[in-house]
1. So Arg282 fits all but one of (1) over 51 Å from the mean Cα position of the chain (by Cα); (2) at positive phi; (3) among the charged types (D, E, K, R); what number is the exception?
2. Got a sec? Which of Arg144, Arg152, Arg180 is in contact (Cβ under 8 Å) with a residue 24 or more places away in the chain and either assigned by the TED database to the domain that holds Ser318 or surrounded by 11 or more Cβ atoms within 10 Å (Cβ to Cβ) (or both)?
3. So which of Leu367, Leu420, Leu439 is crowded, with 21+ Cβ neighbours inside 10 Å, of a type outside the set (Lys, Arg) and over 40 Å from the mean Cα position of the chain (by Cα)?
4. Out of (1) closer than 24 Å to Lys296 by Cα; (2) surrounded by 15 or more Cβ atoms within 10 Å (Cβ to Cβ), the odd one out for Ser165 is which?
5. Going by what's in this entry, would Ser373 be described as out of contact with any Leu (no Cβ under 9 Å at 6 or more places or on another chain) and small (Gly, Ala, Ser)?
6. Condition first: surrounded by fewer than 14 Cβ atoms within 10 Å (Cβ to Cβ), at negative phi and among the small types (Gly, Ala, Ser). Can you find one or more residues in the stretch 13-22 that meet it?
7. Output the qualifying pairs, or none if there are none: Cβ atoms under 8 angstrom, residues six or more apart or on different chains, first residue in the stretch 381-394 and closer than 13 Å to Arg144 by Cβ, second residue part of a strand (DSSP E or B) and among the aliphatic types (A, V, I, L, M).
8. Would you check if Val185 is of a type in the set (Val, Ile, Thr), surrounded by 12 or more Cβ atoms within 10 Å (Cβ to Cβ) and assigned by the TED database to the domain that holds Asp311?
Amino acid sequence: MLEYLRIRDLALIEDMELEFSNGLNVLTGETGAGKSFILKALNFLTGDRLGADMVRPGRDKAQVEALFMLPDGECIMRRELVAATGRSRLFINDALSSQDAARDLRPSLIVHTSQHGQHKLLQPSFQAQLLDTYLQRPDLLERREATLRQLRDVAAQREALLERSRTLEEKRDVLEYQQREIERVAPEHGEEEQLETRRNELRDAASLLEGYEHGMALLRGGADGPGMVDLLGQLERQLDELSNLDDAFGTDAEAARTYRDTLHDLERRLRRRPAIADPGERERIESRLFELSQLKRKLRRSLDDILNLRDEIDENLSFLDACGLDIKRLEREEASLREQLKAVLDELTPARRLAAERLARDLESELAGLGFSEHVHVDFEFSPTEAWPGCPEEKARLLWVPNPGQAPQPLDRIASGGELSRFLLAVVGLMSQGETATLIFDEVDAGVGGLTLHRVADRLESLALHRQVLCITHWPQIAARAARHFQIRKEVTDGATSTLCARLEGEAIRDELARMAGGGTEGQALADGLAAQNTHEGS
């Protein structure tokens with residue numbers, strides 16, 4: 001039940017507070033006064049979107065808040081719409097929440113019917129859904145939906161396997177060629193880096209050995225002449241002879257002998273040259289690196305990518321070899337689920353036909369109480385369709401005969417606006433039994449008049465005995481039945497237009513009923529009569 005609603009800075013509403021009662025609450029006022037903004041505010045609060053242009057000009061934000069009394073306690077909701085960004089914030093019991101949470105909560109708060117609901121009533125899909133809510137075996141619908149979900153999942157898996165296998169089958173020749181090339185070369189992780197490192201080591205070793213040999217040649221000489229050791233020996237002897245003649249050369253002769261000893265020591269170290277590497281190793285390394293380079297060129301990938309490609313090719317070719325078994329397994333699973341669905345539908349069809357008989361009779365009773373002929377007849381036409389390929393299912397469409405002698409026809413062919421309004425009221429009345437959400441009727445009395453209008457008022461009043469009803473109406477016959485009456489009006493102050501709401505009591509109610517009845521003496525007389533009738537019935 002909706003106890004309290006406050007709207008601030010939304011469209012033409014500056015600040016409006018409404019405290020609703022149990023039973024029937026009506027909103028009246030001239031066309032265009034802003035009654036629809038109140039319903040828009042409720043819809044916004046419970047999950048609908050509004051544009052930033054709905055914020056009252058000159059204000060930073062609009063705000064809607066409400067207090068609902070639910071079976072398990074009160075629920076306080078507040079939602080703000082920011083003018084600058086068009087974004088909104090929602091709070092449920094003072095905790096920041098989401099629009100999805102509001103939408104999930106909405107069915108337990110309000111049931112909104114309107115002229116849009118009339119159009120929805122004409123849709124065969126809604127009529128079929130309406131019938132399913134009347135089933136005495138809801139477990140059949142749950143099993144149907146669960147089986148269909150499993151079928152869709154299995155079919156999606158099978159189709160994905162088929163699509164992937166078709167794609168890979170087209171590439172099989174390329175995959176097998178790439179696999180052969182990779183297997184022929186058989187690269188390994190890190191192999192290229194290791195080979196290049198070893199090649200550099202061998203190159204450095206060869207350069208070192210060459211240096212040893214060149215040093216020995218310089219010391220010992222060769223075919224081209226004597227080396228440094230022989231020349232130094234000759235120099236030493238020459239200096240000895242000179243020192244015999246001139247003491248000044250004695251020091252030089254000694255230095256030559258010392259240096260000759262140093263060269264002998266160097267010669268011994270150069271003779272201990274490093275071991276000669278396997279002469280074929282460097283050639284094998286170069287050959288292997290060339291082989292890897294050719295593989296990279298052919299496949300246009302780095303070696304790491306080629307190694308990843310090898311794993312991918314192995315996985316894809318293994319998939320191609322095995323997917324046939326997986327597809328057959330899924331086909332068997334799909335066939336089994338199809339049989340399960342057939343079994344459920346075999347039970348669901350007679351259950352729906354029984355529900356159709358019950359719903360049709362109940363609707364006929366409701367319609368008769370809303371001013372239709374006592375001979376009004378409602379029926380459901382069943383037509384075959386497929387819930388899943390190979391699984392026939394019957395779908396229901398609502399037909400009716402408002403007057404004797406007519407053939408059954410769909411609602412959209414013979415129902416007037418007033419008839420649709422009453423039909424919708426009858427449907428809502430049946431579907432809402434046992435529920436607690438507030439029923440909102442937006443001009444459900446459109447196109448209705450005369451004695452029929454009193455029947456509609458009676459039905460709204462009887463609904464309001466069991467749950468809260470909010471009704472926007474232009475008819476005094478309905479407004480007179482209200483437990484609480486609100487008048488919506490426009491007012492212009494200092495060039496600014498505002499929508500205002502006032503709760504009416506006593507003479508104010510009679511004045512409003514008279515206005516709704518057309519004003520003047522006749523309007524006042526009708527208002528007095530309705531007020532007196534309502535007072536008498538209430539007592």
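1. (2)
2. None of the others qualify; the one that does is Arg144.
3. Leu367
4. Looking at each condition in turn, Ser165 falls short on (1).
5. Values: out of contact with any Leu (no Cβ under 9 Å at 6 or more places or on another chain): no; small (Gly, Ala, Ser): yes.
No: the conditions fail for Ser373.
6. no
7. If the second residue must be part of a strand (DSSP E or B) and among the aliphatic types (A, V, I, L, M), the pairs left are Glu393/Ala387.
8. Numbers: of a type in the set (Val, Ile, Thr): yes; surrounded by 12 or more Cβ atoms within 10 Å (Cβ to Cβ): yes; assigned by the TED database to the domain that holds Asp311: yes.
Yes.
The values are calculated or read from the model by the stated rules, or taken from the named source; none is laboratory data. The shown structure was predicted, so the numbers you read here are calculated from the model rather than taken from an experiment. Positions of Cβ are backbone-derived with ideal geometry, glycine not excepted, and every protein chain shown enters the neighbour counts.
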